[in-house]
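See structure below.
The values are calculated or read from the model by the stated rules, or taken from the named source; none is laboratory data. Just so it is clear, the structure is predicted and the values come from calculations on it, not from any experiment. In this analysis, Cβ positions are derived from the backbone assuming ideal geometry, glycine residues included, and neighbour counts consider all displayed protein chains. Each accessible area value is taken on the protein alone, full model and side chains, heavy atoms only, with ligands, DNA and RNA left out. Shrake-Rupley method; radii C 1.70, N 1.55, O 1.52, S 1.80 Å.
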Amino acid sequence: MTDELKVAVETGEPEAAEIDAAETAGVVVADAQEQADEDMADDGEFDDELDSEDSLTYSNGVIEKIVAIATREAAHVLGMKGNLMHFVQETLGAENLTKGVSVEVTDDNRVIVNISVIIEYGAYAPAIFEDVKERVTERLAAMTGLEVAGINLRIEDVMTREEYAASHKRAQEAAAE
């Protein structure tokens, strides 16, 4: 199964979204059949335009990657905090750029973003939150045209830059063994 966000495009602007694999991604699925039924003419035939409609599809992983990169650009964000699966992947030497990020699509086809981060000790968390919100919203709109319905930033840990670098180095050495 793939997680995908499908955006119908007629004039270059995203107008509809569809998510596959809703049970794994925790997202709302737009029912394409319902739209097709609405487009059915009184004579029982489907509208010819439905078969020739162009579409643009984003994998949830792509959206998560854009969010993760934008988040890492924010001042005082040291890193992302993932789950056990991300830890195992990193231990085996794979870097997961979407670590600490999940996305959901609302009924009105906007994106809700959940981010877990490690921030620098001494930094003002509300300012980090505003910086992350601005960067993520701007990057998603610029790259995908998607509107952000909400951003949930969870501070998972606070470390000095030195502590973070040391823990990151230990993890890399453990992966090398």
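Measuring how big region 126-177 is from its alpha-carbon positions, Rg and Dmax come out at 16.1, 44 Å.
So for region 106-177, averaging the separation of alpha carbon pairs under 8 Å that are six or more residues apart and normalising by length, what relative contact order in percent results? Don't jump to the answer; show the numbers that get you there.
Numbers: 63 pairs, mean separation 33.8, N = 72.
Dividing the mean separation by the residue count of region 106-177 yields 47 percent.
A 1.4 Å probe run over the protein chains yields, for region 99-177, 58 Å² of accessible area per residue, whole-number rounding. Each Lys or Arg adds one and each Asp or Glu takes one away; over the other residues whose Cβ falls under 12 Å from the Cβ of Glu120, this sums to -2.
Determine the share of region 98-177's accessible area contributed by carbon and sulfur atoms, expressed in whole percent, with a 1.4 angstrom probe. Don't skip to the end; give the middle numbers.
On the way: 2240 of 4640 Å².
For region 98-177, the apolar C and S fraction of the accessible surface comes to 48 percent.
In this structure, the amide hydrogen of Ile151, modeled 1.01 Å from its nitrogen in the peptide plane, lies closer than 5 angstrom to those of Val113, counting only residues at least 5 positions away or on a different chain.
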